[in-house]
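Here is the structure we will look at.
The values are calculated or read from the model by the stated rules, or taken from the named source; none is laboratory data. Computed from a predicted structure; not experimentally measured. Virtual Cβ from ideal backbone geometry, glycine too; neighbours counted across all protein chains shown. Accessible surface is based on the protein model in full, side chains and every heavy atom, while ligands, DNA and RNA are left aside. Shrake-Rupley method; radii C 1.70, N 1.55, O 1.52, S 1.80 Å.
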Amino acid sequence: MVHALWQQFPTINRKLNDLTQYLATTVHSGNAEIDQQVTGLLTSGGKLLRPGLFYMFAQLGPVQDAKRQRAAAAAIELLHVATLIHDDVLDDAELRHGQPTLQVRHGNKTAIYTGDFLFTSYFDEILKATDSHAEIQSANDIMRFILAGELNQLALNFDPQPTVTDYLTEIEGKTARLFGFAMKFGVAISKGTSSEAKVAQQIGIALGMAYQIRDDILDYVANPSTATKPVRHDLREGVFTLPLILASQNEPDWFAQRLQDQQHLSDDAIQTITQRVIDSNGPKRAEQLAQQYTEKARSLIATLPEPLATQLTALVSQLLVRHA
């Protein structure tokens with residue numbers, strides 16, 4: 001069952017339902033138990049945002065090859081899930097989509113190798129989707145961007161004085177670029193124009209930036225008892241996101257003192273820092289920047305043909321209201 005977000009777009013919803021069934025057949029590592037769990041991750045009712053956005057932009061071009069589009073959409077989701085598996089190892093996460101994570105069940109080594117295996121599955125699907133060298137190179141480039149973004153995050157972990165520039169560079173690599181790739185690839189696979197592909201990528205990056213910033217805001221303002229994902233997790237892991245960075249600009253010494261060499265922040269320390277971030281309007285100031293990216297995306301969306309412009313405007317309005 002595809003997420004309810006897509007029910008307002010019957011054509012996309014149908015394609016995502018078909019994609020979900022296809023994804024259930026794509027993982028063949030030779031380990032039946034691992035394959036079953038990975039298939040569960042691929043088909044467990046996530047939003048399928050990236051393949052959904054791919055399909056929306058694949059409507060633009062004159063070539064509508066259903067099999068190639070499905071392979072491309074599958075590749076995008078396989079890449080996304082592979083990075084989630086690796087993230088869960090790095091974050092020592094216990095749950096993903098409400099289920100015990102791969103490393104909890106099988107250990108870090110198995111989880112890492114499984115993520116690596118999905119990277120190869122990603123390229124298998126890319127090769128089914130296209131025989132264009134330029135498009136294959138683009139698929140390789142996005143994987144490099146994502147991994148560079150993750151490496152940048154690791155390098156910045158527990159940095160007591162992170163900058164806004166560092167943060168924006170990191171989230172563009174690890175999150176926004178994949179949104180941009182998904183949309184641009186949709187245009188490319190359907191043989192749309194180069195100008196359409198460029199605008200699609202720009203919209204995707206702006207949308208991805210706003211999406212990640214708002215997700216990071218939630219880590220500070222969400223109610224832990226009602227949130228749909230763990231909160232205060234970034235701070236505990238030494239990932240200092242935009243709300244904290246902006247708050248620390250007002251009181252750099254206060255934050256630097258409490259974040260310096262704090263590899264294991266206590267619950268009390270996390271609560272104290274979180275409250276200071278909120279009191280210093282870190283989340284509100286971060287929301288202002290998220291809104292700037294949202295407006296950039298909306299202005300570019302307005303240049304698209306109908307019905308895509310109206311469809312995407314409706315989706316963005318829902319997507320960027322992140323509930324605590």
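Here are the numbers:
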{"read-out": "Any hit, the stretch 169-183, residues being of a type in the set (A, V, I, L, M, F, W, C), open to solvent by 30 Å² or more (accessible area, probe 1.4 Å) and closer than 16 Å to D216 by Cβ", "value": "no"}
{"read-out": "Only listed residue being open to solvent by less than 30 Å² (accessible area, probe 1.4 Å) and on the phi > 0 side of the Ramachandran plot, chosen from G61, G115, G107", "value": "G107"}
{"read-out": "Complete set of residues in the stretch 27-58 that are surrounded by 21 or more Cβ atoms within 10 Å (Cβ to Cβ), in contact with a Ser or Thr (Cβ under 7 Å, 6 or more places away or on another chain) and modelled with pLDDT under 90", "value": "V27, V38"}
{"read-out": "Residue within the stretch 236-244 that is modelled with pLDDT under 85, touching a Phe, Trp or Tyr at 6+ places or on another chain (Cβ under 6 Å) and either among the small types (G, A, S) or crowded, with 18+ Cβ neighbours inside 10 Å (or both) present", "value": "yes"}
{"read-out": "Subset of the stretch 8-54 (residues that are part of a loop (DSSP other than H, G, I, E, B) and touching a residue at least 24 places away in the same chain (Cβ under 8 Å))", "value": "Q8, F9, T26, V27, S29, S44, G45, G46, K47, L48"}
{"read-out": "Members of the stretch 254-285 found to be touching a residue at least 40 places away in the same chain (Cβ under 8 Å), hydrophobic (A, V, I, L, M, F, W, C) and more than 18 Å from N223 (Cβ to Cβ), listed by number", "value": "F255, A256, L259"}
{"read-out": "Residue ID - modelled with the lowest pLDDT, chosen from residues in the stretch 208-228 that are within 16 Å of L289 (Cβ to Cβ) and hydroxyl-bearing (S, T, Y)", "value": "Y220"}
{"read-out": "Lone qualifier among L90, L84, L5, L79 - being open to solvent by 40 Å² or more (accessible area, probe 1.4 Å), part of a helix (DSSP H, G or I), out of contact with any strand residue (DSSP E or B) (no Cβ under 6 Å at 6 or more places or on another chain) and closer than 27 Å to H233 by Cβ", "value": "L90"}
{"read-out": "From D268, D261, D253, D279, residue being open to solvent by 90 Å² or more (accessible area, probe 1.4 Å) and at pLDDT 90 or above", "value": "D279"}
{"read-out": "Number of the condition not met by A72 [criteria: (1) in contact (Cβ under 8 Å) with a residue 60 or more places away in the chain; (2) over 19 Å from T175 (Cα atoms); (3) buried (at least 20 other Cβ atoms within 10 Å of the Cβ); (4) not polar (S, T, N, Q)]", "value": "(2)"}
{"read-out": "Residue among A297, A290 that alone is buried (at least 20 other Cβ atoms within 10 Å of the Cβ), among the aliphatic types (A, V, I, L, M), within 18 Å of the chain's Cα centre (by Cα) and under 16 Å from L218 (Cβ atoms)", "value": "A290"}
{"read-out": "Enumeration of residues in the stretch 160-207 that are closer than 22 Å to D65 by Cα and either among the polar types (S, T, N, Q) or at pLDDT below 95 (or both)", "value": "S190, T193, S194, S195, Q201"}
{"read-out": "Candidate set from the stretch 1-19 (those that are of a type outside the set (A, V, I, L, M, F, W, C) and farther than 17 Å from A58 by Cβ); member that is modelled with the lowest pLDDT", "value": "H3"}
